[in-house]
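Working notes for the structure below.
The values are calculated or read from the model by the stated rules, or taken from the named source; none is laboratory data. A quick note: this is a predicted structure, and the numbers were derived from the prediction, not measured. Cβ sites come from the backbone with ideal geometry, for glycine too, and all protein chains shown count toward neighbours.
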Amino acid sequence: MTTQMQKAKRFRKLHVAGEPLVLFNIWDPGSAKAVAETGALALATSSWAVSEASGYSDGEHTPLSFAMDNLHRITEATELPVTVDLESGYGDTPRKVGETIALAIKAGAIGCNLEDSFPENGSLRETKHQADRIQHARQKADEAAGSFFINARTDLFIQVSQDEHDSSLVRKVLERAEAYARAGANGLFVPGLSDLTLITELTKASPLPVNIMVSQGANLSALAKRGVARISFGADPYVVTISALQEAARKAVGK
């Protein structure tokens, strides 16, 4: 059987600009098995999907113990590398984030998403504060699993409307990316960014492999040509699945 360290090293190598790793996000062992059977190279959870499927709401309202138990059941159900969406790390202080990382590694994860906004209101943390949190997460990860992939999420592009998406915002993202890279992040996740010209600006200058989030029907080859190294679908797979379930149920009950 492949060890957790081997999975982590393999996962890190899958991030290649122009040949993006595609992650069709999952939320439980059943969805993990279903996606794994398609030939996927790795799996990633969506915190929103995990929360909704479990009767909670996103924003770290899912108890950490429950989230870790769910993660463990997922990693036990598949041989693929699994990266977990840890939202903001279930803790404001660097120490608490480090503890959460250690729990995720113990549950079998080889990587995580770690966002730079506050879960209670979505406002952005100061860059230095987030960098300190990433640095502590890196230290804890290296103690347990040196190749653990920290995907640093920045929420700058979802803080404003698409009309305000421009090169100045890309420059602000790059400032954060530089700080996050120095702190030990391995990837840069920029949800909300969809403009191909701006994506190109970002990938050309980013010190980290860039992760873009899409929904079904997106032109993945166009993103590859722009230098994207990772493509994820976020909550979209769960939404599509539940919609299909509802439609089947309507047909079954005749309403």
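For the stretch 106-122, the set of residues classified as out of contact with any Asp or Glu (no Cβ under 9 Å at 6 or more places or on another chain), assigned to a loop (DSSP other than H, G, I, E, B) and small (Gly, Ala, Ser) consists of Ala109 only.
Against the conditions (1) farther than 23 Å from Val35 by Cα; (2) out of contact with any Phe, Trp or Tyr (no Cβ under 9 Å at 6 or more places or on another chain), Gln246 satisfies every one except (1).
Taking the listed residues Glu76, Glu52, Glu87, Glu37, the one that is at positive phi and among the charged types (D, E, K, R) is Glu87, with no other qualifying. Of the residues contained in the stretch 107-119, one or more are found to be at pLDDT below 95 and not hydrophobic (A, V, I, L, M, F, W, C).
Residue by residue, here is whether (1) closer than 18 Å to Ile150 by Cα; (2) touching a residue at least 60 places away in the same chain (Cβ under 8 Å); (3) out of contact with any Ser or Thr (no Cβ under 6 Å at 6 or more places or on another chain); (4) aromatic (Phe, Trp, Tyr) holds:
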site: Ser31; (1), (2), (3), (4): no, yes, yes, no
site: His61; (1), (2), (3), (4): no, no, yes, no
site: Leu71; (1), (2), (3), (4): yes, no, yes, no
site: Thr93; (1), (2), (3), (4): yes, no, yes, no
site: Thr100; (1), (2), (3), (4): yes, no, yes, no
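Among all positions in the stretch 133-146, there is at least one residue which is out of contact with any His (no Cβ under 9 Å at 6 or more places or on another chain) and not in a helix (DSSP H, G or I). Of the helices (runs of 4 or more DSSP H) lying entirely inside the stretch 1-105, the ones with 3 or more residues being at pLDDT 95 or above, touching a helix residue (DSSP H, G or I) at 6+ places or on another chain (Cβ under 9 Å) and under 21 Å from Leu220 (Cβ atoms) are found at 29-36. All but one of (1) over 23 Å from Ala8 (Cβ atoms); (2) out of contact with any strand residue (DSSP E or B) (no Cβ under 9 Å at 6 or more places or on another chain); (3) in contact (Cβ under 8 Å) with a residue 12 or more places away in the chain hold for Gly217, so report the exception by its number. It fails just one condition, (3).
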